[in-house]
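The structure appears below as structure tokens.
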Amino acid sequence: MNESFTFYRGLPRFPLAFLPTPVHELKRLSAALRGPRILIKRDDQTGLCSGGNKTRKLEFLIADALQQKADMVITAGAVQSNHCRQTAAAAVLAGLPCELVLSGTPPEIPNGNHLLDLFLGARLHFADRPQRNQRMLQVVEERLAQGKRPYIIPIGGSTGLGALGYCLAMEELNEQLQAAGEKVDIIITASSSGGTQAGLALGARLCGFTGRVLGISIDNDKLDGAPFQTELSKIADDACRRLGLSIHFEPDEFHVQYDYLGQGYGVVGALEAKAIALVGCTEGLLLDPVYTGRAFGGLLDLIRKKVFTSSQTILFWHTGGSAALFAYAAELEQRIHGLRAELVA
Ligand SMILES: Cc1ncc(COP(=O)(O)O)c(C=O)c1O
């Protein structure tokens, strides 16, 4: 056993994250909205080359890769994938070469996460989104034929094993809330490949958290053709199996809001730009254009519609991603330009 492992409920972790991540109140924003108290859990500060939610999942996935004696890792995602950038950084720390299959054609000038992938020494392949998985399998075949032992990390690291990172994170939050005498009614998080929300739901059950976990869907109400909540239940059940727990989740136990899909994945609209600018102007912190900007925009809309009342406490789980901001400079600048006067008034 590699002596640098730690353990969670008997399962090995390869330590990568700066934990516990801070929790604090967004006092200025809560006051400006005259709405519920909003707390934030700063998983944009998990470390690993600009932070984000994948760090926690990768602790379990990289430990598994090392235990299986893999000699490289392969994963896939969008050109601006935070998951790919964090996997590349984790692979550096584990001493494993990393290959990434990114969707689309390589931009002329690398920017955002794509640029960081290059700094981190990852070998990049490009394929159109519908062919991305097939291309990844092709790369795997090629490496196997060369005598390599690749470890494949599925999109977003959202397996039961990866989700354990968020089961543990929920326990971490619960301890922080108890120590501070805080009670949270609703946790809001961006939900895409599902591992974060599935892990949080399991952690909530294990530590007796009485609030609700609400995922704001970023992509779709389907994942690989199956209803998204069915996928969430499968990931959570897989995590339970890994922990040796006979707990089962039903799809309708997961709360997911599908109203904020906008023009599709990675298309920045007014919702995201306004949320990014508002949180920047009131709290001096960065959201990202694809996930947390959309999820926070959804939260603001739900507050506006009085779905959440001023007597409630909401916790926004910041899952990172600000490295992608620079790649969306053109779209964001255009939209933020018109908003500035309104926001600083
Ligand atoms: C910044 C950020 N937030 C949220 C998510 C969604 O997490 P999950 O894929 O576990 O649902 C991602 C996924 O890539 C992400 O990069």
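Readers should treat all values here as calculations from the given coordinates under stated rules, not as data from a laboratory. Small disclaimer: the values here were computed from a predicted structure and weren't measured. We place every Cβ from the backbone using ideal geometry, glycine too, and count neighbours over all the protein chains shown.
At-a-glance table
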quantity: Members of LYS57/LYS183; LYS274/LYS306; LYS57/LYS274; LYS69/LYS148; LYS41/LYS183 lying beyond 22 Å, as alpha-carbon distances in this model show; calculated: LYS57/LYS183; LYS57/LYS274
quantity: The chain - charge dipole about Cα centre, Lys and Arg +1 at Cβ, Asp and Glu -1, debye rounded to 20; calculated: 320 debye
quantity: CD proxy at 222 nm, helix term only [per DSSP H run n ≥ 4: -39500 (n - 2.57); per residue of the chain; nearest 500]; calculated: -13500 deg cm²/dmol
quantity: Vicinal HN-Hα couplings computed from phi for the range 280-293 (Karplus, 6.51 cos²θ - 1.76 cosθ + 1.60; Hz; Gly/Pro x); calculated: x, 6, 9, 10, x, 10, 9, 9, 10, x, 9, 10, 6, x
quantity: Loop GluC sites (Glu not before Pro), the range 37-136, which have at most 12 other Cβ atoms in a 10 Å radius of their Cβ (DSSP); calculated: GLU108
quantity: Given charges at beta-carbon only (K, R positive; D, E negative), |dipole| of the range 5-160 in Debye; calculated: 620 debye
quantity: Charge dipole magnitude, Cβ of K and R +1, D and E -1 - the range 199-345, Cα centre, debye nearest 20; calculated: 340 debye
quantity: Centre separation in Å (Cα based) which lies between the range 86-161 and the range 32-80; calculated: 16 Å
quantity: Within the range 99-119: backbone nitrogen closer than 19 Å to the GLN263 label point (7 Å, Cα to C-beta); calculated: 104-105
quantity: Along the chain, longest interval not containing exposed trypsin sites (Lys or Arg not before Pro), exposed being DSSP loop plus at most 14 other Cβ atoms within 10 Å; calculated: 184-304
quantity: Proximal charge balance of ARG242 [Cβ under 12 Å; K/R count +1, D/E count -1]; calculated: -1
quantity: Net charge of neighbours whose Cβ lies under 11 Å from the Cβ of TYR328, counting Lys and Arg as +1 and Asp and Glu as -1; calculated: -3
quantity: Choice from ILE235, ILE109, ILE38 with maximal GNM fluctuation in the chain (Cα, 10 Å cutoff); calculated: ILE109
quantity: Kirkwood-based shape ratio for the chain, expressed as Rg/Rh from alpha carbons; calculated: 0.95
quantity: Spin-label zone in the range 195-218 - amide nitrogen under 19 Å from a point set 7 Å from the Cα of PHE7 along the C-beta vector; calculated: none
